[in-house]
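Asker: Below you will find the structure I want to go over with you.
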């Protein structure tokens, strides 16, 4: 028994070291992967060997991957590698816009509900519950169908569908933070409610928002790609991963690379952001943001 008691702290220490090493490896790999995606998006015109919209002669159509076309060509001779690279640019931009607008709306609604209280809180949370009752994909399809299929409509639709999770997160955070001693002290020395909220309360929610947004990137890309696959997002000939998979399904057996490479790009992006979000969440829970 004594030996077990003596080795227990050592075992906990070893587990803690292993967990930290795993988290450090996870964060490193995910940051390198996301860095690669960002480089592809920013420098797409320099990296892509061809214009993603340029159509070649029929002789170049549906060519298998080769040195001339690393990921082959599509049914009209466009270079698939160039389209995947430009698709990285478009997918990351769409995700950034959707999460930014969704976060702004969600933070505004959640903060108003938490700080307003009473009937204001009740009404805003019931509206939030209505949005939560409908699956995101169905809600996005309804909004896009109303606005008309396009990238602009897709960003607006998904922003309107994505805010409720941030509203509920911020409301819960603010209800907890506004009762803390440092907030009461800020009020006692004469700070207005708006100043206390903006200067002392909202900054405390940034770590949780960062983790949630990072984890949401993969979900946004998946749903956006799904809507584009159904023809409700980016329209041909725009190089977007979901739309490319939708265009390539006709040639799934004769030219599988048309669906394979955009699909791999989606999987890789989702994996990298999910790993980063998990790593940041562990870091937050271990007090790494403090």
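No value in this document is a laboratory result; all are computed from the given coordinates. The model shown is predicted, which means the values in this text are computed figures rather than measured ones. Virtual Cβ from ideal backbone geometry, glycine too; neighbours counted across all protein chains shown.
Asker: Neighbour counts of other C-beta atoms within 10 Å: give me 163, 25 arranged from fewest to most.
Answerer: Neighbour counts put them in this order, fewest first: 25, 163.
Asker: Between residue 42 and residue 271, 0.36 nm times their residue separation minus their Cα-Cα distance comes to what?
Answerer: Numbers: separation 229, 0.36 × 229 = 82.44 nm, distance 2.03 nm.
Result: 80.4 nm gained on full extension.
Asker: Now, a different point. Would you calculate the separation in nanometres between label points at residue 129 and residue 150, each defined as 7 Å from the Cα along the Cα-to-beta-carbon direction?
Answerer: 3.7 nm
Asker: Next question. Within 10 Å of each residue's Cβ, count the other Cβ atoms and sort 66, 82, 225 from fewest upward. Walk me through the intermediate numbers first.
Answerer: On the way: 66 10, 82 24, 225 28.
Fewest to most other Cβ atoms nearby, the residues stand as 66, 82, 225.
Asker: As I understand it, the value is the acute angle between the Cα axis of helix 257-285 and the longest principal axis of the Cα atoms of the chain; what does it come to in degrees, rounded to 10?
Answerer: Approximately 10 degrees, to the nearest ten.
Asker: Between residue 93 and residue 180, what is the FRET efficiency for a Förster distance of 51 Å, r being their Cβ-Cβ separation, to the nearest 0.05?
Answerer: 0.85
Asker: Follow-up question, since we're still on this one. Once the chain is represented by equal point scatterers at the alpha-carbon sites, with solvent omitted, what log10 I(q)/I(0) does the Debye formula produce at q = 0.08, 0.10, 0.13 Å⁻¹?
Answerer: -0.47, -0.68, -0.97
Asker: Order these by the 10 Å Cβ neighbour count, fewest first: 88, 146.
Answerer: Taking fewest neighbouring Cβ atoms as first place, the list is 146, 88.
Asker: Given the rule -39500 (n - 2.57) for each run of at least 4 DSSP H residues, summed and divided by the residues of the chain, what is its mean residue ellipticity at 222 nm, to the nearest 500 deg cm²/dmol?
Answerer: That calculation yields -24500 deg cm²/dmol at 222 nm.
Asker: Please give the helix 2-42 orientation as an angle from the longest Cα principal axis of the chain, in degrees from 0 to 90, rounded to the nearest 10.
Answerer: Taking Cα atoms only, the helix is inclined about 50 degrees.
Asker: Taking 8 Å as the Cα distance limit and 6 or more residues as the minimum spacing, I'd like the relative contact order of segment 81-285 as a percentage.
Answerer: Computed value for segment 81-285: 26 percent relative contact order.
Asker: Can you tell me the 0 to 90 degree angle between the C-alpha axis of helix 206-229 and the longest principal axis of the chain, rounded to 10?
Answerer: Value to nearest ten degrees: 30.
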